Each structure stands twice: as C-alpha cells, then as structure tokens.
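Visitor: Below is a structure I'd like to ask you about.
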Amino acid sequence: MRWTSSSGLTLVELLVVVLVLGILSTALFPAARNSPLMESMAVVGARGKDIYVALAAANAERQALGMQSLWPQDAAARAFTDAQASGLPIFTNSTDYFAWLLGTRDGALPGWNPQARELDYRKLAGAGVMPCATNGSLSASNNLWTVAVNVRDDMEDIIPILITRNIDVSSLAARTTERSLKAKSLRFDSVWKTPFGRKGVVLIRKGGAIFKARTKYMTWSVVYQNQTFDTARTPDGRAAPLLKYLTPTREVIPGG
C-alpha cells in the first residue's frame with residue numbers, strides 16, 4: 001500500500017522533506033543549538049560587568065579622597081606609581097581578593113558594607129560554579145573569576161581585566177605583535193572545567209566591554225581586536241611593572 005499525505009507526497013518523500021528542512025535549519029540558525037551556552041555566558045557576562053561597575057563607582061569616590069584604586073597591584077606597581085597602600089593588602093589569588101572586598105577576610109559581622117557597593121557573592125558564582133558563597137565561606141570552588149593585576153590607566157581598553165577561570169591565564173597576552181596576533185589563541189585551563197568547560201570564554205575589558213566567545217573565536221586577533229601593544233611599556237617608553245593575573249588559587253604571568 002502506498003501511503004500519501006494530503007499534499008500528495010508519499011510517506012518517504014515527506015520524511016525526506018522533513019530531514020532536509022532540519023538540516024537547513026541547523027545550518028542557517030546555528031545559534032539555536034548553542035542557546036543554553038550563550039544564555040549562560042550572557043548571565044556570567046552581566047555579573048562580570050556588575051563587578052566592573054561596582055569597582056568603578058567605588059574607585060571614583062576613593063580618587064576624590066586621594067585613595068588608591070581597589071583594583072589589585074603588587075609592590076612593584078605601587079613603587080612605580082608612588083601610590084600609598086591605604087591598607088590594601090597585596091593578593092596572590094583572586095579568592096583572597098574578593099574575600100577582602102566583601103569583608104570575609106576580617107570575619108565581618110552581619111551588616112558590614114563591602115568595599116564596593118552592589119558587590120556581592122552572587123557575582124562570583126553561576127554557570128556550574130556553585131554553590132554561591134555566604135559571608136565567611138568564600139573559597140576557590142565558588143569563585144569563577146580571574147582578575148588582572150597592575151592595570152594602568154594608560155593601557156589599552158581592550159586588555160582583559162576579568163576572565164572566567166576556565167581559561168589558562170598563561171595563554172593571555174602581556175604584549176602582542178602582528179605575528180603573534182595571527183599565530184596565537186587562548187587555551188583552556190587544565191584544572192578548572194567550569195564555567196563553560198572547553199566551549200567558550202567570557203571576559204570584561206579594561207574599558208568595560210563584555211566579550212563572549214565560543215572556542216573558534218578565541219584567537220588573539222579576535223580577543224585583542226588586531227591591536228598591537230606592550231603592557232610593560234608606558235606611552236613614553238618607560239619600563240613598567242608586569243601585567244599579571246590572579247586565578248582563584250594563584251598568581252600567573254601571561255605568556256605573550
């Protein structure tokens with residue numbers, strides 16, 4: 001018996017049409033396949049931007065009072081800028097840094113105000129990095145961010161200052177050339193599988209822009225927008241302290 005649809009197509013022909021439409025849909029709308037990933041990256045990106053905005057607001061207040069920026073620096077950077085420490089510790093990992101910003105390092109009492117308003121533990125978790133910490137409980141396991149150290153005002157705005165921890169920080173750039181921009185890419189970290197596994201990265205740039213990318217867009221040319229720079233030199237050619245990054249557990253110098 002030869003089954004036909006109301007349109008006159010046989011059952012086999014109808015199945016072929018459905019299969020072809022499915023293939024075309026996948027080819028024309030690949031974003032649909034990645035929507036859970038992209039949605040998760042959008043949430044993490046928004047949380048990173050919230051951290052950026054909270055610190056920018058706090059730093060504007062501190063600058064008016066002659067106080068040091070809350071972004072981390074090491075001893076070499078403080079000597080270079082002749083900055084007063086104003087009680088800011090020198091950090092060796094981003095977990096201690098966020099713990100200090102949020103007051104947990106001092107065993108703060110309930111109601112203690114963090115160093116930056118609107119900064120809370122929810123900004124550090126999500127996309128598989130769980131659970132969200134509570135006061136006094138922050139550890140590397142519930143901190144998804146790597147943070148830049150020794151970022152100066154004269155550095156390019158494309159420099160990543162917050163990066164999801166699933167990226168191998170040594171694959172970031174402290175310096176780029178036309179050759180390295182074409183040849184190099186970010187790599188995934190061998191320890192941290194969350195957030196996003198080996199599927200993508202979220203970072204916040206020095207200028208405040210959110211960058212979200214799947215693996216194929218993790219080349220230096222895309223991440224650094226084909227710009228050459230050298231963070232170890234000021235615009236007038238002076239040697240400057242190294243750009244570094246604090247992962248949730250350690251300090252790393254980028255390889256570029």
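Nothing in this text is a laboratory measurement; each read-out follows from the coordinates by a stated rule. Everything numeric in this text was worked out from a predicted model, so none of it was measured. Cβ placement follows ideal geometry from the backbone for every residue including glycine, while neighbour counts extend to all protein chains displayed.
Visitor: Show me 162-172, 50-60 ranked by packing, highest mean number of other Cβ atoms within 10 Å first. Mind showing how you got there, number by number?
Guide: Details: 162-172: 22.6, 50-60: 17.3.
Order by mean packing, descending: 162-172, 50-60.
Visitor: If contacts are Cα pairs under 8 angstrom and at least 6 residues apart, what is the relative contact order of region 31-252 in percent?
Guide: On the way: 382 pairs, mean separation 53.4, N = 222.
24 percent.
Visitor: Taking all pairs of distinct Cα atoms, average 1/r, flip it, and tell me the Kirkwood hydrodynamic radius of region 31-252 in Å to one decimal place. List each step's numbers first, then the result.
Guide: Details: mean 1/r = 0.0558 Å⁻¹.
By the Kirkwood definition, the hydrodynamic radius is 17.9 Å.
Visitor: Which value in nm describes the separation of the simple spin-label points at residue 117 and residue 217, placed 7 Å from the Cα toward the beta carbon?
Guide: 3.4 nm
Visitor: Please compute the length gained on full extension between residue 227 and residue 43, using 0.36 nm multiplied by the number of residues separating them and subtracting their Cα-Cα distance. Display every interim value, and only then the final one.
Guide: Numbers: separation 184, 0.36 × 184 = 66.24 nm, distance 2.75 nm.
Length difference between fully extended and current span is 63.5 nm.
Visitor: With a point put 7 Å past each Cα toward its Cβ, work out how far residue 75 is from residue 153 in nm, to one decimal.
Guide: Using points 7 Å along Cα→Cβ, the separation is 2.7 nm.
Visitor: Can I ask one more? Based on alpha-carbon positions alone, could you give the equivalent ellipsoid semi-axes of region 124-205 from the gyration tensor, as √(5λ), descending, whole Å? List each step's numbers first, then the result.
Guide: Numbers: eigenvalues 136, 53, 16 Å².
So the three semi-axes of region 124-205 are 26, 16, 9 Å.
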